[in-house]
Amino acid sequence: MSDWFDAEQHVERAHDLFQAGRWEEAEAALREAIAQQPHRSDWHFNLGLTLEAAGRFAEAVDAYREAASLDPEDPQPALMTGLNLLRMDDLRESIEWFEKAEKLDPEDATCFIHRIEAYARLGEHEQAELMFYMAQQNDAEDPAAFVGLARSLLDRQMHDKAVWCLREAARLDPGFPHIHAVLAHAYAATGRHERARQLFLRELRQDPGDIDTLMDLGRLLVEMNRLSEGGEKFRRVLELEPDNIDAHYLLGDLGERQGSPKEARAQYELVLRLGPNHSAARRRLARLLLVLREAASNGQARELLAAEMDLVRAHLLDESPDALDELGELLLDARMPTEATEVFEAAVRRRPASAALTHKLAVARFEAGDRPGGVDAARRVVRLDPRHAKAMYNLAVASVHDRRWKRARYWATLAARHDPEDGSLRRLKTRLRLHALADGASRLVRRGGR
């Protein structure tokens, strides 16, 4: 009896601590209660709620699963397990748990609404639409179903239909969380920027401190070329959250747009202090420093790019061909051709049919002193694009270095056929003609001597 009473007291205390937002203490009190009576499903469920509130979703899933195993007839633990798996991007398993919850309570539209989001994020939009219609059968006026379908439609660039869904959700519940902000995104995607701006402002009137909406409005204002107003929104975010990395980064971008490289540099450096692995800020800062063309700035830029290469090699960054292309060009600008070669080789492996990337690989190899490797890559460029004059020019120059004059004239002539206005080609052809004349004269002299 005493153990039961002690456990109940721990639970009551946990409830008070939860209401006060003291998650760790609430968790400790609940675990004390569960240690004394481990078979109480509702206490495991409350532990899940506490861990979820603290942002510890994986641990919350464990608690909800335990609650579901102890009371397999209660749909709520299954529903909350699915919801937290959804937050963790474990989409397939979240769907399985929503299906379990549906079997236990077939009339609850929530099980279908969450599956709209899960299927949409998986790219299975037909299934997402099916879940919408199933939710409609249970509750035709649930705005969350319309919002979920709208997000699926936005992913498919079906903006007008998404706008209709969101307007319907706003009609059903004008106070639905963030409905005006989501609708603003839909209008912005259709090019109706002014209407989007008004909706973001309407959302901010309801919650002036909503950081996400302030950031989205700032981005929209920048897109509308209202740069000063966009900067005001980002600075407002920093008043509320001084360490907001995105706001600092976007102020750096604004500094570049407004011709203030010092401001941009200061913001990017601050971003890197707050988030040392912020790849975009490091690359933007490196580009700024290279533009200055000062010895100290170039040295700092090379240090930044060397750090970037370490992250690429450790597979900590997005290694899409476009990202690698950007990094490779920066490395070439910083006179780091060996590293640029490594990056462009990785990019070409991911996009082998790209003549542009293969050409940059050839350039990097030439600059690194690997003439045979450069020639090999340049030949591949010509096979991919028979009109690529720059690759032909490089092959002609390489042939000159190897004193293969006939081959050099062949490539220069072919390149000039595709790009007759190129000044470098004209100069190279002049040099080759002079060499041919000199070579011819030398042969005549030798014959006369004989």
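Of the residues GLU99, GLU59, GLU93, only one is closer than 29 Å to ASP6 by Cα, out of contact with any Asp or Glu (no Cβ under 8 Å at 6 or more places or on another chain) and modelled with pLDDT of 95 or more; which?
Every option except GLU59 fails the conditions.
For the subset of the stretch 357-385 comprising residues that are closer than 17 Å to GLU319 by Cα and among the hydrophobic types (A, V, I, L, M, F, W, C), which member is nearest to the chain's Cα centre (by Cα)?
Step by step, filter the stretch 357-385, then rank; the result is LEU357.
Can you tell me which residue among ALA353, ALA301, ALA340 is crowded, with 22+ Cβ neighbours inside 10 Å, in contact with a helix residue (DSSP H, G or I) (Cβ under 7 Å, 6 or more places away or on another chain) and under 27 Å from LEU384 (Cα atoms)?
Just a single option satisfies the conditions, and that option is ALA340.
Confirm whether ASP246 is at pLDDT 95 or above, over 22 Å from GLY209 (Cα atoms), surrounded by 16 or more Cβ atoms within 10 Å (Cβ to Cβ) and not basic (Lys, Arg).
No.
Is it the case that LEU330 is within 19 Å of ALA280 (Cβ to Cβ) and crowded, with 17+ Cβ neighbours inside 10 Å?
Answer is yes for this residue.
Is it the case that GLU25 is out of contact with any strand residue (DSSP E or B) (no Cβ under 9 Å at 6 or more places or on another chain), assigned to a helix (DSSP H, G or I) and closer than 20 Å to ILE113 by Cβ?
no
Quick check on the stretch 269-281. Is at least one of its residues in a helix (DSSP H, G or I), in contact with a Pro (Cβ under 8 Å, 6 or more places away or on another chain) and β-branched (Val, Ile, Thr)?
no
Could you look through the stretch 37-55, keep only residues that are surrounded by fewer than 17 Cβ atoms within 10 Å (Cβ to Cβ) and without any contact (Cβ under 8 Å) to a residue 24 or more places away in the chain, and pick out the one that is nearest to LEU83 (Cα to Cα)?
GLY55
The values are calculated or read from the model by the stated rules, or taken from the named source; none is laboratory data. From a predicted model like this one, the values you see are computed outputs, not experimental measurements. Methodologically, a virtual Cβ is constructed for each residue, glycine included, from the backbone with ideal geometry; neighbour enumeration extends over all protein chains shown.
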